[in-house]
Structure formats: structure tokens, C-alpha cells
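Beneath this line is the structure, given in C-alpha cells, with notes to follow.
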Amino acid sequence: MLLLQFSTSHYCRKARLALGYKGIIYRVKNLTPGVHALQLKPKTGATTVPVLCPELPGQPECISDSSEIFRFLEEFSPDRRLFPLEAEQRLRAEWLEDWLDESIGTATRFVYYDYRAGAGKAIDPSLASQMVIQIVRRQYNINGTTVALAKKRLALAFRVLSVWQDQSYLCGDQLTIADLTAAALLSPLALLPEYRESVPWLFERIKEIHLICGEPLPPGLG
């Protein structure tokens, strides 16, 4: 299988965690932001990553969107399930995954790029890096107001995910799509001292899930 991705995307990390957990051998192709649209639009009709290309007879040519990749992998490789069998737990896992995708992944992006443009500029002060950061900030309208809202959303996420302090999994007694999504989408915050100090339990669990899935640790946790 081939995964088309941006190497720094936390949504692409989400897909890699699932592939690793399922034990599926795959290759990655890192796309160049901007130019990637010319490569993806003819394949998927969209311009978002990740995109998984199974490259197998009888399978779709491409699966776009990390949530759809989860569903495809569960059907393709039902061993080591990521969707709970029990109906109520499955509903909770799917709700958490969707909420994390639509709200918390975006909040992470806003807070992360705001930090990288200010106090965290020294992480990579190169002109190329700072140009990308400024492009992202303009593209997503990242400013003081939207960052303040993003921080409130993250504070709520930490309350919801605080069950990780007392139990290994967010839903039931197994690793699920909810755990993988949280571990991927909150991983960029590992570079922010504010969060490393205030929610250390979060990053311990993120590290554990990456080790379970055989995925290299994200920056700040290596």
C-alpha cells in the first residue's frame, strides 16, 4: 500500500498509527503542499491528505480522508480491531473520533502554528519554515481571537480525555479509533512547554500508543 501524505500533518499521523497497529506494510510518498493538488484532484476529486492507495486487485484505487481509511482498514484487516463490537462503545468511539477530527485537530493546528510563529520560532527559524507558517496562519485565519477559542477547546479535550489517567482506553477494554485519533491529533502539542507541564499524563499515553503501533515518536517526545 502507498500512503500519500504531508510528513508533518497530524491527520496523516493518524493514518500511520492505524496502518502500524494493523501490521500492514506500506510505503509513504511525501507531497509538496500546493503542488499536491495537481496530484490528488484527478485521483480523489479533492485536495486533502492523507490518501491511501491499496494497490491491490479488487480494492479501491484511493481512499481519501483519515476516517474513511480507518473504516477501510477495519474491513480489509479485521484482526486487531479498532472499532468496538459492542454497539454503545462503538458509537462512543465513532463520536469521539469525529469530534476530535472536526474540533480538536483544528484547535491543535491553531495553537501549534501560533506558538511556532512566536515563542517557538527557534524550533526552526529558517526562512522557508517561517514562510510556511505564515501561509498556514493566513490560510486558516489564525489570530489572537481564534487561538484563544482553540485553547478553550483544548481545555475541554483534556477534561474529556482525562479518563486516560485512570484507564488505558477511551472506550471499553481495547485500543480504538478514539485512542489513535487523540494520540495523533494532539501530538504536535508535545513541543509546547505549557502543555508538557500541565497535562504530562497526556503525552505519556501518546508515547505508549505510538510504541504499540510501531510509529516513531512525534517531535518533542523522542
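Scanning the stretch 44-62 for residues being within 22 Å of the chain's Cα centre (by Cα) and within 14 Å of LEU2 (Cα to Cα) gives a total of 7.
Yes/no per residue for (1) assigned by TED's automatic domain parsing to the domain that holds THR32; (2) in contact with a helix residue (DSSP H, G or I) (Cβ under 6 Å, 6 or more places away or on another chain); (3) on the phi > 0 side of the Ramachandran plot; (4) acidic (Asp, Glu):
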| position | (1), (2), (3), (4) |
| --- | --- |
| PHE72 | yes, no, no, no |
| ASP98 | no, no, no, yes |
| ILE104 | no, yes, no, no |
| THR108 | no, yes, no, no |
| ALA122 | no, no, no, no |
| SER126 | no, no, no, no |
| THR145 | no, no, no, no |
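Scanning the stretch 122-141 for residues that are assigned to a helix (DSSP H, G or I), within 22 Å of ALA107 (Cβ to Cβ) and either in contact (Cβ under 8 Å) with a residue 24 or more places away in the chain or not polar (S, T, N, Q) (or both) yields ILE123, VAL132, ILE133, ILE135, VAL136, ARG137, ARG138. Taking the listed residues ASP98, ASP65, the one that is surrounded by 18 or more Cβ atoms within 10 Å (Cβ to Cβ) and closer than 22 Å to PHE6 by Cα is ASP65, with no other qualifying. Taking the stretch 41-62 as the range and being charged (D, E, K, R) and surrounded by 15 or more Cβ atoms within 10 Å (Cβ to Cβ) as the test, no residue passes.
Quick grid of which residues meet (1) more than 18 Å from ARG153 (Cα to Cα); (2) modelled with pLDDT of 95 or more; (3) aliphatic (A, V, I, L, M):
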| residue | (1), (2), (3) |
| --- | --- |
| ILE177 | yes, yes, yes |
| LEU191 | yes, yes, yes |
| ARG196 | no, yes, no |
| GLU208 | yes, yes, no |
| PRO218 | yes, yes, no |
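Checking each residue in the stretch 7-31 for being among the aromatic types (Phe, Trp, Tyr) and either within 9 Å of the chain's Cα centre (by Cα) or closer than 12 Å to SER67 by Cα (or both) picks out only TYR11.
The values are calculated or read from the model by the stated rules, or taken from the named source; none is laboratory data. This structure is a prediction, so every number in the text was calculated from the model and none was measured. Ideal geometry is used to build each Cβ from the backbone, glycine not excepted, and the neighbour counts take in all protein chains shown.
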